[in-house]
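See below for the structure under consideration.
Taken together, the values in this text are just the output of simple stated rules run on the coordinates, not laboratory data. Since the model is a prediction, treat every value here as computed from it, not as a measurement. When we count neighbours, we look across all protein chains shown, and the Cβ atoms used for this are built from the backbone with ideal geometry, even at glycine.
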Amino acid sequence: MIVALLNQKGGVGKTTLALHLAGQWAREGQRVTVIDADPQGSALDWSAQRAREGLPRLFGVIGLARDTLHHEAPELAQGVDHVVIDGPPRVAALLRSALLARFVLNRYAARTVIARETRLALAGHEPAVLAARIGQRVAFADAARTGRLVCDLRPHGIAAREIAALTAEIGGLVS
Ligand SMILES: Nc1ncnc2c1ncn2[C@@H]1O[C@H](COP(=O)(O)OP(=O)(O)OP(=O)(O)O)[C@@H](O)[C@H]1O
Ligand SMILES: [Mg+2]
C-alpha cells in the first residue's frame, strides 16, 4: 500500500503520523519505506537522530521532495509492503494520484467544542473520516525529539494503542 499524509496546512502532524504508521507496520514485520517529500526533511532528521541514539532501524527513509513523486512512488513500492509518504507543503501533484482519500483527526480532544464542530463539519463528508483518532499527547513530542516512537516510550500507553488502531484501520482499507 502507498499511503501519503497530506494537508494544506503545516504543523498538523503529518510527519508524526507518517513515522508512527511506518513504525507500527515495521513492528508487525512488514517491510516499509518512508519517503520524506518535504524539503524541511523532518522525517530524515528523526531517522538520523534515531541512529545517533543507537536505536534499531525500523524502516528506511528516502528524501524525495519533487513534483514527480507520484510517478516514482509505485517503483519504490516494489521491494516493500508499504510506502508511507510524509507530505510536501504543496500537494496538488500528489493529490491527483490519491485513489482513496480519508481524513484523520490528530491532536483530537474529545470533549471540546472544536472537536464537536469538526465532527459535525465532517459528518457525511466525502472523503470519509477514519474512525481511529489520535489524541493530544505529550508522548508524540517526546518521540519526535528523541528519534523514538511512542511505543518505544510507553509500549502500553494510550498513544501507542491509538497508533495501532489507526494502522489497522488504514491497512484494512484496501485489503
Ligand atoms: N497527537 C499529538 N499530540 C501531541 N503533539 C503532537 C501530536 N501530533 C503532532 N504533535 C506535535 O506537533 C508538532 C507538529 O507535528 P509534525 O511535525 O508531525 O507536523 P507536520 O504536519 O509534519 O508539520 P510540517 O508542516 O512542519 O511538516 C510536533 O512538535 C509534534 O511533536
Ligand atoms: Mg512534517
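Some observations on this one:
- Net length gained if the chain between A65 and E169 were fully extended (0.36 nm per residue, minus Cα distance): 34.7 nm
- Here's how it looks for V129: its modeled amide H is under 5 Å from those of F103, which are all 5 or more places away or on a different chain.
- Within the shell defined by Cβ-Cβ distances under 13 Å, the residues around A139 carry a net charge of +3, with Lys and Arg each +1 and Asp and Glu each -1.
- For A37, distant residues with modelled amide H under 5 Å away: L64, D86
- The 3J(HN,Hα) values that the Karplus relation (6.51, -1.76, 1.60; θ = phi - 60°) gives for region 33-40 are, in residue order, 10, 9, 9, 8, 9, 9, x, 5 Hz. Gly and Pro appear as x.
- Rounded to the nearest whole Hz, the Karplus-based 3J(HN,Hα) values (6.51 cos²θ - 1.76 cosθ + 1.60, θ = phi - 60°) of region 126-143 follow the sequence 10, x, 6, 9, 5, 5, 6, 10, 10, x, 7, 9, 4, 3, 5, 5, 4, 5, with x at glycine and proline.
- For the chain, the fraction of alpha-carbon pairs in successive 5 Å shells from zero, as %: 1, 8, 17, 22, 22, 16, 9, 3, 1, 0
- Extension gain for D142-N7 works out to 46.3 nm (0.36 nm per residue, less the C-alpha to C-alpha distance).
- Taking amide H as placed 1.01 Å from N in the peptide plane, the amide H of I2 sits under 5 Å from that of V83, each at least 5 places away or on another chain.
- Placing pseudo-labels 7 Å out from each Cα toward the beta carbon at R116 and E75 gives an inter-label distance of 5.2 nm.
- Along region 62-78 the Karplus relation, 6.51 cos²θ - 1.76 cosθ + 1.60 evaluated at θ = phi - 60°, assigns HN-Hα couplings of 10, x, 8, 9, 9, 5, 8, 3, 5, 7, 8, 4, x, 5, 5, 6, 5 Hz to successive residues, with x for each Gly and Pro.
- The DSSP beta bridges internal to the chain are antiparallel in roughly 0% of cases.
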